[in-house]
Amino acid sequence: MNRPLRILVIGAHPDDCELKAGGVTALYRQAGHHVTFVSVSCGNAGHHRLAPTELAALRKTETEAVARLMGINYIIMGQNDGEVLPTLELRRQMIALIRKEQPDLVLTHRPNDYHPDHRGTSQVVADAAYLLIVPNIVPEVPALRENPVIMYLSDNFQKPTLFDPAVVVDVTPVFESILDQLACHACQFGQWLPYTMLKPEVEGPAAIRQAAQDFYEAFNGPLATRFRQQIEATYGKEKAPKVQFIEAFEPCEYGAPLTAENKKILFPFLP
Ligand SMILES: [Zn+2]
């Protein structure tokens, strides 16, 4: 393909895309590909002191910092945090958004997940998937001729099925970029997440970045152990032990199929 790829990452909250796909985003951007992050909610619930309106404004500025840092678009769809439902209205908005973005690859949450907003986001993307090519649905935005490949972001949930990636990407070389992206979300890594984990809040850029690193290592670090076999299959037995951090993606059956051919195109940084 001799044009830049168009990658669309759809998370429920400001910071979901960074947490689960910040590494591939850094790799895509290094190679000149186009990336858009979406937060379906405006993130206006996740704080213990700030009121919803104030919090939504703050989190918008934090996403703008990520957008500037990475040279990406960052779209906030503006649903209330904690109230994302796969309604017909949200489905229409999602169809319009995906059509306008014309992505080659869409990444989003799996449908089984602890957070109702992650489940709602996954459901609305799945509901939009086939209808992207149906011109009579949302006729004001031209329908796509082909579905994009849709893949799920990683998680640790066990039921009803384990996350089963078809793609594992070594993001160890761009680990610092992931932390830079996460550190933009100061009110989350410095305040809200410590509050939810009964830990003291942290202040100042260096301490917030360290808190983001601790969180990332605790939640995403174990992926590299869990999918060691896939890492060996992708990177070879010699390089595999050097892979500390990965991002992993499982195909969603409702998008275009992931084939050996389009996998090479969509993940050009794989060996
Ligand atoms: Zn989230």
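Coordinate-derived values only; no laboratory data. Bear in mind the structure is a predicted one, so any value in this text is a computation, not a measurement. Glycine also receives a Cβ, built like all others from the backbone with ideal geometry; neighbour counts cover every protein chain displayed.
Yes/no per residue for (1) away from the ligand (no atom under 16 Å from the Cβ); (2) under 30 Å from residue 168 (Cβ atoms); (3) of a type in the set (Gly, Ala, Ser):
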position	(1), (2), (3)
41	no, yes, yes
83	no, no, no
97	yes, yes, no
106	yes, yes, no
109	no, yes, no
Handout entry: Residue satisfying condition, being surrounded by fewer than 18 Cβ atoms within 10 Å (Cβ to Cβ) and either under 19 Å from the mean Cα position of the chain (by Cα) or without any contact (Cβ under 8 Å) to a residue 24 or more places away in the chain (or both), within set 115, 109
Key = 115
Completion exercise
Of those in the stretch 156-207 that are touching a residue at least 60 places away in the same chain (Cβ under 8 Å) and in a loop (DSSP other than H, G, I, E, B), the residue nearest to residue 262 (Cα to Cα) is 166
Exercise for the section: Could you pull out the residue among 22, 78, 43 that is crowded, with 20+ Cβ neighbours inside 10 Å, over 15 Å from residue 187 (Cβ atoms) and touching a strand residue (DSSP E or B) at 6+ places or on another chain (Cβ under 9 Å)? Expected result: 22
Practice task
Pick out the one residue from 261, 203, 232 that is of a type in the set (Asp, Glu) and either under 30 Å from residue 131 (Cβ atoms) or surrounded by 20 or more Cβ atoms within 10 Å (Cβ to Cβ) (or both).
Solution key: 261
Problem - Residues within the stretch 236-259 that are in a loop (DSSP other than H, G, I, E, B) and in contact (Cβ under 8 Å) with a residue 24 or more places away in the chain, tallied - result: 8
Handout entry: In the stretch 86-105, residue surrounded by the fewest Cβ atoms within 10 Å (Cβ to Cβ) [restricted to those that are touching a Leu at 6+ places or on another chain (Cβ under 9 Å) and under 12 Å from residue 143 (Cβ atoms)]
Key = 102
Handout entry: Single unsatisfied condition, residue 32 versus (1) away from the ligand (no atom under 16 Å from the Cβ); (2) within 11 Å of the chain's Cα centre (by Cα); (3) at positive phi
Key = (2)
Handout entry: Qualifying residues in the stretch 1-19 (those that are touching a strand residue (DSSP E or B) at 6+ places or on another chain (Cβ under 6 Å) and more than 16 Å from the ligand (Cβ to nearest atom)) - the one farthest from residue 188 (Cα to Cα)
Key = 4
